[in-house]
Amino acid sequence: MKKNIILSLITLSLLATFSACTTYDEGPAFTVISAESRIKGTWEQTAFLVGDEDQANSIMTEFTINSDGTGIQTVTVADILPITTDIEWQFNDDKTLFQSREIGDTEWNEMTIKRLTLKELWLIQDAGIWGIWEFRLEKV
């Protein structure tokens, strides 16, 4: 009986600890899979929001993220010819920012990670006078 009570207290303590530890605003609340493992793969945009308003495919983005810090980014604006570039990417120290740049560039483009699961990636970018942009992507 005493053993069950102790195990229950340990379990409750762990649950309370892990439920309070989330890196991203929209989750997941807890995962044993590293951010690097979750972000690898090909991501296709499902929504582009400015503020909270969907911009109905005015900008379409697709990323292929490789584990070696390289990848490919394709951006299509208003259904005009897509632009594909080879990129390098990294996280900041606490893995809350996704940083990317075209290979050869010196300046990093930073986006705040709002959600990173095995299937969903939500990125926030401050576009200055054009507002706060949110890209919602799904893994393909």
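The values are calculated or read from the model by the stated rules, or taken from the named source; none is laboratory data. Small disclaimer: the values here were computed from a predicted structure and weren't measured. Heads up, the Cβs are rebuilt from the backbone with ideal geometry, glycines too, and the neighbour counts pull from every protein chain shown.
Within region 108-126, residues that are within 18 Å of K40 (Cα to Cα) reach partners that are surrounded by fewer than 16 Cβ atoms within 10 Å (Cβ to Cβ) and of a type in the set (D, E) with beta carbons closer than 8 Å, at six or more positions or on different chains, in the pairs K114/D25; K114/E26; R115/D25; R115/E26; K119/E138; E120/E138; L121/E138; W122/E26. In this structure, does G27 turn out to be under 19 Å from the mean Cα position of the chain (by Cα), at pLDDT below 75 and of a type outside the set (K, R)? Yes: the conditions hold for G27. When region 81-122 is filtered for residues that are among the charged types (D, E, K, R) and either closer than 17 Å to L137 by Cα or assigned to a loop (DSSP other than H, G, I, E, B) (or both), the ones remaining, listed by number, are D93, D94, K95, D105, E107, E110, K114, R115, K119, E120.
Among the residues making up region 99-114, those that are surrounded by fewer than 17 Cβ atoms within 10 Å (Cβ to Cβ) and within 12 Å of the chain's Cα centre (by Cα) are Q99, E110.
For region 125-133, the count of residues that are closer than 19 Å to I33 by Cβ and surrounded by 11 or more Cβ atoms within 10 Å (Cβ to Cβ) is zero.
Checking each residue in region 65-78 for being more than 17 Å from F135 (Cβ to Cβ) and either in a loop (DSSP other than H, G, I, E, B) or of a type in the set (A, V, I, L, M) (or both) picks out N66, S67, D68, G69.
Just to verify a result, which residue in region 49-64, among those that are assigned to a strand (DSSP E or B) and closer than 14 Å to D79 by Cα, is modelled with the lowest pLDDT?
Of all residues in region 49-64, those assigned to a strand (DSSP E or B) come to 49-50, 53-54, 59-64.
Next cut, closer than 14 Å to D79 by Cα only: 59-62.
On the way: I59: 87, M60: 91, T61: 90, E62: 95.
Of everything passing the filter in region 49-64, I59 is modelled with the lowest pLDDT.
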